[in-house]
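The values are calculated or read from the model by the stated rules, or taken from the named source; none is laboratory data. As the structure is a prediction and not an experimental result, all values here were calculated from the model. Because the Cβ atoms are built from the backbone with ideal geometry, glycine has one as well, and the counts that use them run over all protein chains shown. Areas reflect the complete protein model, heavy atoms only, side chains present, ligands, DNA and RNA absent. Shrake-Rupley method; radii C 1.70, N 1.55, O 1.52, S 1.80 Å.
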Amino acid sequence: MKYLLLWSGDVKGMRKAEISAVRADLSGHLDEKGEIVRPCPEEVRAALPYRFRHAFGKSTGMFWFLEHKPDYPATLTVRGYRGRELVRLVLQPLRAQS
């Protein structure tokens, strides 16, 4: 399973990247094999612009799953050291086409 990373930041327009899934311990999405997965934090960090990487590394890396339905996105808010929101990441699950 893969995720489509979407974010909009201080630069006009929407940015996109494709992120792999890794096994999750507690919460995430069910993949085709029935395993619980979540977005790979290392790939998310690598896909972000350099100016957001340090803040992402300092964050807990916990993705929020508002609903555990297969097509609901995972979200993560990256904040600066004073708590100001820098960017909100939305990771939409991509299903394999059969």
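Things to note:
- Take Tyr72: with every protein chain present and a 1.4 Å probe, its accessible area is about 90 Å².
- Here Lys58 is the anchor, and the aspartates and glutamates within straight C-alpha reach of less than 19 Å, apart from those fewer than 8 places off in the same chain, are Glu42, Glu43, Glu85.
- If the chain linking Glu32 and Leu4 were pulled fully straight, counting 0.36 nm for each residue of separation and taking away their Cα-Cα distance, it would gain 8.4 nm.
- Projecting label points 7 angstrom from Cα along Cα→Cβ for Arg79 and Cys40 puts them 2.9 nm apart.
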